[in-house]
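Q: Dropping a structure here in structure tokens format, bear with me for questions.
The values are calculated or read from the model by the stated rules, or taken from the named source; none is laboratory data. Quantities reported herein were computed from a predicted structural model and do not represent experimental measurements. Reconstructed Cβ throughout: ideal geometry from the backbone, glycine too, with neighbour counts over all protein chains shown.
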Amino acid sequence: MSSTPSDRTKVFISYSHKDVRYLRQLQTHLAYFERVGLIDVWDDTKLLPGAVWHEEIEKAIQQTKVAILLVSAAFLASRFIAENELPPLLAAAQTEGAIIVPVILSACAFEETELVQFQAVNSPSMPVAKMKGFQRDELWAKVARDIKEAILPQLEAKPLVPSSSLLPSGSIGEEEVIERVKVEEAQIDEISRARKYYLDQLMFSMLSFLNTWKSLPREENMVTHPDYLPSVRSTAARITIDLNDILSRARVKNFLDEELAKKTQDIMAELQILEAKPLYLDGGSSLKEFNNLADAIASNMENHLEEIRVRLLRL
């Protein structure tokens, strides 16, 4: 049974049970977006006791808009995946607009398979297993962002249609009134969705910085760790660019109020200071200043996120 593109709203994660630790890492990065209702994720950990698991998997695949393939040697060796999951997913990609996103977990024969036609998130030469902690977090954050951006167009709510019982049957202008209300509600709904989209984008960018900062070791002697400085600085630079882009696009159509825009600009300025701040390998006061500034930015971001959440609740 085929599905129309609008029926496909789920995120389906296909993986080998031998790679369950990577599934859990991805689930952590998707959890926020799933909790607030932006995405609907399915993997076989959602199966309930007593469920007819084969039917549940088939049903989930029929509703899949984005399929994340956690590719490893164990994944490619799985007969169940090869015979039951990949064929319908690849067919949906070819005929119904489903999106296939491979993530290379470990060295394997990915480039020798039909999956090579789909752009992987990471290079086979740099599988997740070879990445350091902050690199894995950045990769899973990118996967989560790509999923959200692919799914959002599918979640457009249908405009409400007024009941014909509000007008006497056969009233003059009944159809015109209904049509006008439908158009007006569709326009209002479109504006609300656009505002929600930009608020979501702001939240995601700031959460990316917070997750990176909080995952790093905080001991003073870790300043000599080669990943410490480039991780924070590269994240700060990327988030500054992201926030500037979001802000520019949102303000063109007046989708963000000035108070929110001003606070976002203040955070961008702080990130630019952090990115340029010197940090010497001997630790001491420079490390404390760096950490204090990053902590202050994180605190400002958390306050800003609360204000964005309030605005989202009003939409």
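Q: Considering L105, L90, which residue is in contact (Cβ under 8 Å) with a residue 40 or more places away in the chain and touching a Leu at 6+ places or on another chain (Cβ under 9 Å)?
A: None of the others qualify; the one that does is L105.
Q: Taking segment 45-95 on its own, how many of its residues are of a type in the set (D, E) and farther than 16 Å from E114 by Cβ?
A: Start the filter on segment 45-95 by keeping residues that are of a type in the set (D, E), which leaves 55-56, 58, 83, 85.
From the residues that got through so far, the ones that are farther than 16 Å from E114 by Cβ too are 55-56, 58.
Here the count works out to 3.
Q: Could you check segment 115-128 and list, in sequence order, the residues that are farther than 18 Å from I99 by Cα and either surrounded by 15 or more Cβ atoms within 10 Å (Cβ to Cβ) or not assigned by TED's automatic domain parsing to the domain that holds F33 (or both)?
A: P124, P127, V128
Q: Would you check if A129 is closer than 18 Å to Y15 by Cβ and in a loop (DSSP other than H, G, I, E, B)? Give the steps one after another, and end with the answer.
A: Details: closer than 18 Å to Y15 by Cβ: yes; in a loop (DSSP other than H, G, I, E, B): no.
Spelling it out, it is not the case that A129 is closer than 18 Å to Y15 by Cβ and in a loop (DSSP other than H, G, I, E, B).
Q: Would you check which residues across segment 29-58 are surrounded by 14 or more Cβ atoms within 10 Å (Cβ to Cβ) and either in a loop (DSSP other than H, G, I, E, B) or over 11 Å from the mean Cα position of the chain (by Cα) (or both) and list them?
A: Hits for segment 29-58 are L38, I39, D40, V41, W42, D43, D44, L47, E56, I57, E58.
Q: Could you tell me whether any residue of segment 2-18 is part of a loop (DSSP other than H, G, I, E, B), at pLDDT 90 or above, closer than 22 Å to D137 by Cα and in contact with a helix residue (DSSP H, G or I) (Cβ under 6 Å, 6 or more places away or on another chain)?
A: Yes - at least one qualifying residue is present in segment 2-18.
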